[in-house]
Amino acid sequence: MILMFQGLDLMDPSSRMLNWRFSLFLLLSTILLLVPISFSFALTLHSDTSTRSQTRFIFIRIALVLLPVGLFLSLLSYIPLPAALSSYSPLSAVTCRLVVLGTTILGLLSGLGAVSGAWGVLGRQAPLSSASSIATAEHALDRVRTDL
């Protein structure tokens, strides 16, 4: 919606920026706080219905809920930022750190998948392609050439 308003020049640029920052704050707070706390809370919830046992262990449950979130947030702060980003807001810094973390995880998963696929092909000692699969690929290439 904000992108459409930007293209049509419907709202004041400062109000669009305020809306963008508010939306980014809600997204980051959901990613960093709401989802991990709700998962931790669901894992520590037990089926005992007596109120006495629930009130007795409330501090342990709160600690078990907040410990993984606090650990993740403290580890997230160790991701270095570029020197040019040091003057920006904490919201930009958290976004940058999450982008770095996501890109690193995506690269690791992609690399592990490529290595696993290569080892699977090398371990089989079978021909990589048959004559029919080569003919099918050539036919598909000819169709693409005629379409272009």
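I want to confirm something. Restricting to the range 61-90 and keeping residues that are farther than 30 Å from residue 45 by Cα and open to solvent by less than 40 Å² (accessible area, probe 1.4 Å), which single residue is modelled with the highest pLDDT?
We begin by selecting, within the range 61-90, every residue farther than 30 Å from residue 45 by Cα; these are 78-90.
From the residues that got through so far, the ones that are open to solvent by less than 40 Å² (accessible area, probe 1.4 Å) too are 79, 85.
Details: 79: 89, 85: 75.
Here the answer is 79.
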Considering only residues of the range 1-36 that are more than 21 Å from residue 92 (Cβ to Cβ) and either part of a loop (DSSP other than H, G, I, E, B) or of a type outside the set (A, V, I, L, M, F, W, C) (or both), which is modelled with the lowest pLDDT?
1
Of all residues in the range 99-132 being at pLDDT below 85, open to solvent by less than 80 Å² (accessible area, probe 1.4 Å) and within 37 Å of the chain's Cα centre (by Cα), which is nearest to residue 79 (Cα to Cα)?
116
Which one is modelled with the highest pLDDT among residues in the range 37-57 that are charged (D, E, K, R) and surrounded by 10 or more Cβ atoms within 10 Å (Cβ to Cβ)?
56
For the range 92-104, pairs from a residue that is under 13 Å from residue 32 (Cβ atoms) to a residue that is assigned to a helix (DSSP H, G or I) and open to solvent by 60 Å² or more (accessible area, probe 1.4 Å), with Cβ under 8 Å and 6 or more apart or across chains, are 98/31
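The values are calculated or read from the model by the stated rules, or taken from the named source; none is laboratory data. Small disclaimer: the values here were computed from a predicted structure and weren't measured. All Cβ positions, glycine included, derive from the backbone under ideal geometry; neighbour counts span all protein chains shown. Protein only, heavy atoms only, side chains kept; ligands, DNA and RNA dropped before computing areas. Shrake-Rupley method; radii C 1.70, N 1.55, O 1.52, S 1.80 Å.
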